[in-house]
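Taking it in order: structure first as structure tokens, then the write-up.
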Amino acid sequence: MKTYALVTGASSGIGECFARALAARGKNLLLVARSAEKLEALARDLAVRHSIEAEALPADLAEPGAASHLAMSIFSRGFAVDLLVNSAGFGAQGKFWEIPLERHAQMLRLNVQALVELCHLLLVGMLERKGGTIINVSSTASFQPLPYTSSYAATKSFVTSFSLGLAEELRPCGVKVITLCPGPTRTRFFEAGQYRTIRMRGKLQAPEEVVEAALKRLDRGGLVLCRWLDKALVFMERFLPRAIVTRGAAELFKP
Ligand SMILES: NC(=O)c1ccc[n+]([C@@H]2O[C@H](COP(=O)([O-])OP(=O)(O)OC[C@H]3O[C@@H](n4cnc5c(N)ncnc54)[C@H](OP(=O)(O)O)[C@@H]3O)[C@@H](O)[C@H]2O)c1
């Protein structure tokens, strides 16, 4: 049976790198994001270059009901998805009350609700076929509160907790879950979220590095922290008082 990888956020950054890396491995692709023209150009290019099937499925996943609509169109066209990469997401920097409420709501719908809905809807086929993999792109932001980007960090805490729990539930079913937690990565993310902090410049990793770390774990699933520095920080934070960690993070993200 012909199977596909569905990659959300495929028009840019980590999602686009996933699309390119999977195409190079001969995987058929369904590409999702809002930028239809970019997706279509990428799908055409990857299909020709790697002799795969690639379809652009433009969608605004922050719209209520968009994930269900997308899943319905995938089912009705007979695409069997055995790899789901949930990479679409954004953050926002600033004082919580100065960021418009609708921006927070969009972030919750995209980073949390659409991700949960796609996992739920696409798992049905994976469970029937007794196999598949879900890669949920979380963040090192998920391991502690991040003042001045509080709601973003909380969405990623949800993604990490949800994905680790789901992985355990799925252990006997042949479906793997990778909880991918990149640190600061060189993509459009910082512009899109209007991050004004410059403290991270020079410390950004390449999105290809992030994708490679995840794909190495494709057969096993699990929690993926990409760099030794991220692993060390996440480990050490567990032994420090929460207030101190939160105050340190505030210094980093204060606009
Ligand atoms: N970059 C980092 O430092 C970093 C670190 C840790 C985790 N992450 C996570 O990595 C993931 C990917 O981010 P990135 O760094 O690759 O940033 P990016 O370059 O800004 O990519 C974000 C992707 O999400 C898509 N997207 C945004 N809003 C959407 C919507 N409403 N509906 C559908 N697609 C939407 C964008 O495409 P369109 O604009 O075309 O819709 C784009 O393809 C995010 O979940 C982010 O939280 C990033």
*Enumerate the pairs (first residue in segment 32-48 and under 25 Å from SER68 (Cβ atoms) and of a type in the set (Val, Ile, Thr); second residue anywhere and within 12 Å of the ligand (Cβ to nearest atom) and open to solvent by 10 Å² or more (accessible area, probe 1.4 Å)) with beta-carbon separation below 6 Å, excluding pairs fewer than 6 apart on the same chain, so at least 6 apart or on different chains.*
VAL32/LEU57; VAL32/ALA59
*Determine whether VAL137 is in contact (Cβ under 8 Å) with a residue 40 or more places away in the chain, within 14 Å of the ligand (Cβ to nearest atom) and in contact with a strand residue (DSSP E or B) (Cβ under 7 Å, 6 or more places away or on another chain).*
yes
*In segment 134-154, which residue that is under 23 Å from ASP60 (Cα atoms) and in contact with a Lys or Arg (Cβ under 7 Å, 6 or more places away or on another chain) is surrounded by the fewest Cβ atoms within 10 Å (Cβ to Cβ)?*
SER139
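Results for (1) modelled with pLDDT of 95 or more; (2) surrounded by fewer than 21 Cβ atoms within 10 Å (Cβ to Cβ); (3) more than 9 Å from the ligand (Cβ to nearest atom); (4) outside any strand (DSSP E or B), shown as yes or no for each residue.
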{"residue": "VAL124", "(1), (2), (3), (4)": "yes, yes, yes, yes"}
{"residue": "LYS156", "(1), (2), (3), (4)": "yes, no, no, yes"}
{"residue": "LEU166", "(1), (2), (3), (4)": "yes, yes, yes, yes"}
{"residue": "ILE178", "(1), (2), (3), (4)": "yes, no, yes, no"}
{"residue": "GLY202", "(1), (2), (3), (4)": "no, yes, yes, yes"}
*Among the residues of segment 14-22, is any touching a helix residue (DSSP H, G or I) at 6+ places or on another chain (Cβ under 8 Å) and farther than 18 Å from VAL210 by Cβ?*
no
*Unique match (being within 13 Å of the ligand (Cβ to nearest atom) and open to solvent by 30 Å² or more (accessible area, probe 1.4 Å)) among ARG220, ARG129, ARG171, ARG186*: ARG186
*How many residues does segment 130-144 contain that are closer than 17 Å to ALA5 by Cβ and either of a type in the set (A, V, I, L, M) or modelled with pLDDT under 95 (or both)?*
3
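The values are calculated or read from the model by the stated rules, or taken from the named source; none is laboratory data. Since the model is a prediction, treat every value here as computed from it, not as a measurement. Counting neighbours? That spans all protein chains shown, and the Cβs are built from the backbone with ideal geometry, glycine included. When the accessible area is computed, the model is the full protein with side chains, heavy atoms only, and any ligands, DNA or RNA have been set aside. Shrake-Rupley method; radii C 1.70, N 1.55, O 1.52, S 1.80 Å.
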